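A short worksheet on the structure shown next.
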Amino acid sequence: MDNTFELKKGKIVFEEDKIVITDNAKYLKRSRLFSSGLLFLLGLYNLMNFVKHNDTHELWTGLLIGIAGLVLIVTAVLTNVDNEIFLKDVKSMKVKRILFKDYFFIKLKNNRTRNVVGIYNAERLEEYLKTIPLPK
């Protein structure tokens, strides 16, 4: 069975003891951290305007935007962007279809996840994942 799967921007190769992923995950993580940081700063700015003008609208928008930015920062920090993942570190692997895109989620034993986006042949990848024994 062929162990190479094409992505929109890259590929996934399953070797005997590791998974090699070439994609733009590092760039996506940096851009997600930057935009989430800007969102958090916008929430802080609205909270500072609340302190200055005592407008409750500024309080609630600042809290909602700031908390959303903080949650997005935490989720971006907890994602893994390694190009090589050893099978001994993998807890589970699954393919999901979310909003017309196929995602490949690799859950690691250190409670981080590696997300791969844009899989061309997700059905073939699902069939291949059934043949891989994960070490306990």
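Scanning the chain for long hydrophobic helices, with DSSP H runs required to stretch 24 angstrom or more by C-alpha along their axis and to average at least 0.5 on the Kyte-Doolittle scale, returns 56-77. The value obtained for the chain, namely the Cα convex hull volume divided by the number of residues, is 112 Å³ per residue. Output the relative contact order of the chain, whole-number percent, from Cα pairs under 8 angstrom with separation of 6+ residues. For the chain, the relative contact order is 25 percent. For the range 30-77, just list the percent of Cα-Cα distances falling in each 5 Å bin from zero outward, please. Once binned at 5 Å, the Cα pair distances of the range 30-77 give 6, 29, 26, 18, 12, 7, 3, 0.
Arranged from fewest to most other beta-carbon atoms within 10 Å of their beta carbon, E127, E16 become E16, E127. Ranking of F104, F34, F50 by neighbouring Cβ atoms within 10 Å, starting from the fewest: F34, F50, F104. If only the Cβ of Lys and Arg carry +1 and only the Cβ of Asp and Glu carry -1, the dipole of the chain around its Cα centre is close to 180 debye. The residue among T22, G62, I85 whose Cα reaches farthest toward the positive pole of the charge dipole of the chain, with charges on the beta-carbon of Lys, Arg, Asp and Glu, is G62.
Quick note: the coordinates plus some simple rules give every number you see, no bench work behind them. Because the structure is predicted, anything quoted here is derived from the model rather than measured. Backbone-built Cβ (ideal geometry, glycine too); neighbour counts: all protein chains shown.
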